[in-house]
1. Please find, among A:E164, A:E152, the residue that is within 14 Å of chain B (Cβ to nearest Cβ), within 19 Å of B:L77 (Cα to Cα), surrounded by fewer than 23 Cβ atoms within 10 Å (Cβ to Cβ) and more than 14 Å from DNA strand C (Cβ to nearest atom).
2. When residues of region B:86-115 are filtered for being of a type in the set (A, V, I, L, M) and over 23 Å from B:C19 (Cα atoms), how many remain?
3. Going residue by residue through region B:77-96, is there one that turns out to be within 13 Å of the chain's Cα centre (by Cα) and within 16 Å of DNA strand D (Cβ to nearest atom)?
4. Only residues that are of a type in the set (F, W, Y) and either in a helix (DSSP H, G or I) or facing chain A (nearest Cβ under 10 Å) (or both): list them for region B:114-149, please.
5. Looking only at residues in region A:200-215 that are buried (at least 20 other Cβ atoms within 10 Å of the Cβ) and either more than 20 Å from A:R237 (Cα to Cα) or within 9 Å of DNA strand D (Cβ to nearest atom) (or both), which one is farthest from the other protein chains (Cβ to nearest Cβ)?
6. Just one of (1) over 25 Å from A:N153 (Cβ atoms); (2) within 16 Å of DNA strand D (Cβ to nearest atom); (3) under 16 Å from the mean Cα position of the chain (by Cα) trips up B:I192, so point out which.
7. Within region A:121-136, can one find any residue that is under 16 Å from the mean Cα position of the chain (by Cα) and at pLDDT 95 or above?
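The values are calculated or read from the model by the stated rules, or taken from the named source; none is laboratory data. Quantities reported herein were computed from a predicted structural model and do not represent experimental measurements. FYI the Cβ positions are ideal-geometry reconstructions off the backbone, even for glycines, and counts take in every protein chain you see.
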2 protein chains.
Amino acid sequence: MPGQNGRSFSSRQYPCEKCPLRPLPAFREFEKQELAFVSTFKKGELAVDKGATVLVEGSHSAHLYTVLSGWAFRYKLMSDGRRQILNYSMPGDLIGLQGSLMGEMQHSIEALSPMLLCVFEREHLPELYRNHPGLAYDITWIASREERMLDENLLSIGRRTALERAAYLIAFISSRARAVGLNGKTPVRIPITQQHIADTLGLSLVHTNKTIRKLIDRKLIVWRDGGCEVIDGERLRELARWEGLGEDRRPLI
Amino acid sequence: MPGQNGRSFSSRQYPCEKCPLRPLPAFREFEKQELAFVSTFKKGELAVDKGATVLVEGSHSAHLYTVLSGWAFRYKLMSDGRRQILNYSMPGDLIGLQGSLMGEMQHSIEALSPMLLCVFEREHLPELYRNHPGLAYDITWIASREERMLDENLLSIGRRTALERAAYLIAFISSRARAVGLNGKTPVRIPITQQHIADTLGLSLVHTNKTIRKLIDRKLIVWRDGGCEVIDGERLRELARWEGLGEDRRPLI
DNA sequence: CGCTCGATTGAATACGATCAATTACTGTGG
DNA sequence: CCACAGTAATTGATCGTATTCAATCGAGCG
């Protein structure tokens, strides 16, 4: 199917039984029947281009997605254009749950790289709740996990200095990416611009640049190929006074 | 039962069938059988004093609470003492869900006033998911609502100026309080100190004071009896460039 | 080659933090 | 009833971090 608006839908290339993510140690094992249901729940796959808007504030999407591959960010805009990035999405993350449950989306999501998404129909969610309490529990768990990340981000923006914030953010994203196996032999390259970092940390672009530069000069990270790579995650966490993810295995819908 | 640690447990004075909150227009109607289950789910009531810690970061509480009356706030501490207040809890809000789902609490909760809490046992949660998919859905909905509030708070701290932030926070809390009928004939008095506001907005106490003073001088709020009252919510929202809650009826567990 | 986008840098300013008191209010004990 | 202690609010002065303004630089692209 040809792409319009930077997106193209296809039925399925990755049946849930052969999900490339599920075998990762980050994810919990699933019961056979749960996996079977998720497989019927999945309607198809959606490929989106870098820069495309996956979901937009104010819309009532009929769909819910799981990221199969690629990166995105979730953000809100004020009427005068100020932007706040709320969190990042990467493989294994659910996108659009808030909208599915509550109706209207109150934030937007944009792809940071080409992405492949599993598409689910929001209208089948009640069926999931009726017939698969374990999966229902998992979805609540996932919502709670997002809340936990937001708590930590709020602490960061509210109480950390600019340098600590930048260190925290990069360490945080990098830890999450590692957990889903995004590091090959080379370190993960986080595909964001300094403008994204600025809009996440609540700083100006100029000051963000000067702050990032300090991290580079201290050899904690490098900036290349339009993105960021962590060199010394340990010292980044220390600088940020951050305890780390401390996450155990999580469900994958 | 006598109180220790500022808390005292009693069986129940408010059976769910006579819940003082449920009839409020802010809450959805419940099926008879759902109400019956919630009633058995409720173990008793807990009264806590102002200033008492309801749940503490790092603990594994066996309980989950719904606020029947009173105010609390949810916060995180950094090892060096910096505090970030994440959100406020008021009647109808669920407390401790994150901990119930994920094990360890990663934030603390402290009472801002004397409170009365409905006590639920975390270990009965799976039963709720098995037998009451509607309630399970409601709990996810509640988690999503909290996430939505955090999104908005993050936007505020990240992108609003000090004056806008203060205006937003007070308008936000006051709107929520109104929705659960906390206003009699007089406006709601929000029982917080300026230190709480400072720790919510990510500002220093001194600067918070000067900012609040501007709101008072502009006659948008008054400060009295150790708390804050809104005089002109409309202009507060305008000043904050905030769209308002826009919430419809929500579930009450 | 000229264009655009993202990164970078210097300079001037402003917003908010910090330091240091002072004031107002409440509850307590003499 | 008053002195006193403790908490919360308030104010002025100074300092510093982050914003804004204004360029420049470098890489990728048509």
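1. Values: A:E164 fails: more than 14 Å from DNA strand C (Cβ to nearest atom).
Within the list A:E164, A:E152, the selection yields A:E152.
2. From region B:86-115, those of a type in the set (A, V, I, L, M) are B:86, B:90, B:94-95, B:97, B:101-102, B:105, B:109, B:111-112, B:115; that's our starting set.
Restricting the remaining residues to those that are over 23 Å from B:C19 (Cα atoms) gives B:86, B:101-102, B:105, B:109.
Counting residues in region B:86-115 that are of a type in the set (A, V, I, L, M) and over 23 Å from B:C19 (Cα atoms) gives 5.
3. Checked region B:77-96: at least one residue is within 13 Å of the chain's Cα centre (by Cα) and within 16 Å of DNA strand D (Cβ to nearest atom).
4. Answer for region B:114-149, where residues must be of a type in the set (F, W, Y) and either in a helix (DSSP H, G or I) or facing chain A (nearest Cβ under 10 Å) (or both): B:Y129, B:Y137, B:W141.
5. Filtering region A:200-215 for residues that are buried (at least 20 other Cβ atoms within 10 Å of the Cβ) and either more than 20 Å from A:R237 (Cα to Cα) or within 9 Å of DNA strand D (Cβ to nearest atom) (or both), the one farthest from the other protein chains (Cβ to nearest Cβ) comes out as A:T211.
6. Failing condition for B:I192: (1).
7. Looking for residues that are under 16 Å from the mean Cα position of the chain (by Cα) and at pLDDT 95 or above, one finds none in region A:121-136, hence no.
Per-residue answers, yes or no, for (1) in contact with a helix residue (DSSP H, G or I) (Cβ under 9 Å, 6 or more places away or on another chain); (2) farther than 29 Å from A:P23 by Cβ; (3) more than 10 Å from DNA strand C (Cβ to nearest atom):
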{"position": "A:Q195", "(1), (2), (3)": "yes, yes, no"}
{"position": "A:L205", "(1), (2), (3)": "yes, yes, no"}
{"position": "A:R224", "(1), (2), (3)": "no, yes, no"}
{"position": "A:G233", "(1), (2), (3)": "yes, no, yes"}
